[in-house]
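What follows is a short report on a single structure.
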Amino acid sequence: MPIEIIRAASLPRTPWKNGGGTTTELAVYPPGSGFDSFVWRLSFADVASDGPFSLFPGVDRTLTVVEGAGIDLIRERGTTRVEGGALALFAGDEPVVGRLIGGVIRDLNVMTRRGLCRHGVSRLDAGSKDLSVDRVDWIVLVSLDEACRVRVRDRALELGRLDSVMIDGRDEGAAFIETSGALICVALTLEAGLG
């Protein structure tokens, strides 16, 4: 399906790789892949306490907080604060400890296996339009508002909070996007020769 709506309420929960909590898988490629076999994976995590992140050797990660005050990512080379729509990019091989700033958070994790896929993450605010994304294999839009109208190409879509739209660029190429609310936009591109 070239354009698919994914409702947040329908997503299954699974244990974290390190067993320290649960994650809600938004999408994974190839479909049905596990932690050690995905090419890319998008998920939400509810973080209720401080602790170490799971290690994912050979994986690049981007984390953004979608609910709650934020989190400090403590690494050997320093601390990165993720709050207020900020993004943090880090290697899955790197030991990282999370320290909550002010209570429970929900974050969006984007993970791509190095050498197989790369990703970019950005935020689109209400009123954004005329967005064209070229040469990507998938675009995933995650609504940050309770009610968000999104136009993708010639389709008008209604999204609730944390509902998503997945656009398969392998079938239709670039997307034209217009939004009435805030979105996280994830662009996923397979390395040459894959897919």
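The values are calculated or read from the model by the stated rules, or taken from the named source; none is laboratory data. A quick note: this is a predicted structure, and the numbers were derived from the prediction, not measured. Glycine also receives a Cβ, built like all others from the backbone with ideal geometry; neighbour counts cover every protein chain displayed. What goes into the accessible areas is simple: the full protein's heavy atoms, side chains included, and nothing from ligands, DNA or RNA. Shrake-Rupley method; radii C 1.70, N 1.55, O 1.52, S 1.80 Å.
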Given a Förster distance of 22 angstrom, what is the FRET efficiency for ALA147 paired with ARG106, based on the Cβ-Cβ distance and rounded to 0.05? 0.75
Per 10 Å bin, what is the whole-percent P(r) computed from every C-alpha pair distance within the chain? 9, 37, 37, 16, 1
Can you work out the accessible area per residue across the chain, with the rest of the protein chains kept in place, probe 1.4 Å, in square angstrom? 46
So what does THR22 come to for accessible area, using a 1.4 Å probe and Å² rounded to 10? 50
Rounded to two decimals, what is the ratio between the C-alpha radius of gyration of the stretch 1-97 and 2.2 N^0.38 Å? 1.12
Can you tell me the relative contact order of the chain? Whole percent, Cα pairs under 8 Å, sequence separation 6 or more. 23
For every helix of n ≥ 4 consecutive DSSP H residues, a contribution of -39,500 (n - 2.57) applies; sum these over the chain, divide by its total residues, and give [θ] at 222 nm rounded to the nearest 500 deg cm²/dmol. -500 deg cm²/dmol
Of all the accessible heavy-atom surface of the stretch 41-81, with the other protein chains kept in place and a 1.4 Å probe, what percent is carbon and sulfur? 50
